[in-house]
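Structure, as structure tokens:
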Amino acid sequence: HRSETVLDVQDVHVEFSGIIALDGVSFGIAQDEILGLIGPNGAGKTTLFNCLSRLYHPSRGDILLGGTSILQWPAHQIARAGIGRTFQNVALFGDLTVRDNISVGMHALTRGNLVSDALRLPMSRRTEARIRTETEELAELLEIADVLEVTAANLPFGTQKRVELARALASKPRILLMDEPAGGLNQEEVFLLGELMKRVRTEFKTSILLVEHHMGLVMSIADHVVALNFGKKLAEGTPAEIQAHPQVIEAYLGGG
Ligand code: ATP
């Protein structure tokens, strides 16, 4: 039994000059659930993410966050609407410290300013102290407290990924979109990331939508999995159900 949904994707269609990238996709994500979104190359996963980030606008269907359509929200306000994301390739401010990279996410939320201005503008001591404490708590949770003063570009890739996750969480999203977080990580780093994601879900009650090709990660941490193929939902269920699903097996192993 799954609890009430936080995010509802309803009958979403996206077409690019004749190519149907998403063809009536519907699913929901429950509160503090990790939902794995899988599918072969070209299945429509990135397109769906881009709809959720408001980079693409579906030609049909709706996307609801807490029961309210997000389709009228401008892309730059999507973080404030409660949707955070990480990217396939880390997108940190390389010349800033880990501390500043994380605080930027909080400033942007607190003040609604452009990220580029967030660190420069004056703020009250109380706000400053709160941001400091929250940054340190997040760093603790993601096991990067020892590198808070290190410049982001000087860190190993796996650590940068955790900094990016911390920054995405700094805006306290209700739902976090993670785009192929295991890409470029070694087995040990993938395992650690999976453990941290479970910790995030438990401690922050954040729902996570995970797009990932690393089946080991998806099947070990997802509560529920949606499989796409050619822009349509092929199947959904628990990891065990999905792994045993004949059409999912066919999509991955056969024909393509
Ligand atoms: P991958 O696992 O390789 O990232 P994916 O599941 O994320 O694949 P999408 O990138 O969403 O798949 O692509 C779905 C379909 O839409 C593909 O046929 C792709 O070529 C097409 N597509 C995606 N973005 C665009 C675009 N901006 N313009 C034209 N076609 C696009």
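Examine the range 170-179 for a residue that is within 19 Å of Ala43 (Cβ to Cβ) and buried (at least 22 other Cβ atoms within 10 Å of the Cβ), and state whether such a residue exists. It would help to see each step written out before you state the result.
Going residue by residue through the range 170-179, those that are within 19 Å of Ala43 (Cβ to Cβ) are 177-179.
Narrowing further to those that are buried (at least 22 other Cβ atoms within 10 Å of the Cβ): 177-178.
The answer is yes, given that some residue of the range 170-179 is within 19 Å of Ala43 (Cβ to Cβ) and buried (at least 22 other Cβ atoms within 10 Å of the Cβ).
Return only the number of the condition from (1) touching a Lys or Arg at 6+ places or on another chain (Cβ under 6 Å); (2) closer than 23 Å to Phe204 by Cβ that Gly39 does not satisfy.
Against the list (1) touching a Lys or Arg at 6+ places or on another chain (Cβ under 6 Å); (2) closer than 23 Å to Phe204 by Cβ, Gly39 comes up short only on (2).
Could you check how many residues of the range 6-37 are among the aromatic types (Phe, Trp, Tyr) and away from the ligand (no atom under 12 Å from the Cβ)? Outline the logic, then answer.
Going through the range 6-37, the residues among the aromatic types (Phe, Trp, Tyr) turn out to be 16, 27.
Narrowing the set further to residues that are away from the ligand (no atom under 12 Å from the Cβ) leaves 27.
The total comes to 1.
Based on this model, can you work out whether Leu196 counts as part of a strand (DSSP E or B) and crowded, with 17+ Cβ neighbours inside 10 Å?
No, not satisfied.
Give the residues of the range 1-31 that are surrounded by 19 or more Cβ atoms within 10 Å (Cβ to Cβ) and farther than 14 Å from Gly61 by Cα, sorted by residue number.
If the condition is that a residue be surrounded by 19 or more Cβ atoms within 10 Å (Cβ to Cβ) and farther than 14 Å from Gly61 by Cα, then Val6, Ile29 are the ones that fit.
Anything in the range 148-180 that is over 17 Å from Glu33 (Cβ atoms) and in a loop (DSSP other than H, G, I, E, B)? List them, or say none.
Leu148, Glu149, Val150, Leu155, Pro156, Ser171, Lys172, Glu180
Just one of the numbered conditions (1) modelled with pLDDT of 95 or more; (2) within 14 Å of the ligand (Cβ to nearest atom) is not true of Pro40; which one?
Here Pro40 meets the rest and fails (1).
Exactly one condition in (1) more than 27 Å from Met106 (Cβ to Cβ); (2) crowded, with 23+ Cβ neighbours inside 10 Å; (3) not aromatic (Phe, Trp, Tyr) is not met by Ser220; state its number.
Result: Ser220 fails condition (2) only.
Test of understanding: among Thr68, Thr97, which residue is surrounded by fewer than 17 Cβ atoms within 10 Å (Cβ to Cβ), more than 16 Å from the ligand (Cβ to nearest atom) and among the polar types (S, T, N, Q)?
Going through Thr68, Thr97 in turn, just one is surrounded by fewer than 17 Cβ atoms within 10 Å (Cβ to Cβ), more than 16 Å from the ligand (Cβ to nearest atom) and among the polar types (S, T, N, Q): Thr68.
The values are calculated or read from the model by the stated rules, or taken from the named source; none is laboratory data. Everything quoted here is computed from the prediction, not taken from an experiment. Note that each Cβ is placed from the backbone with ideal geometry, even for glycine, and that neighbours are counted across all protein chains shown.
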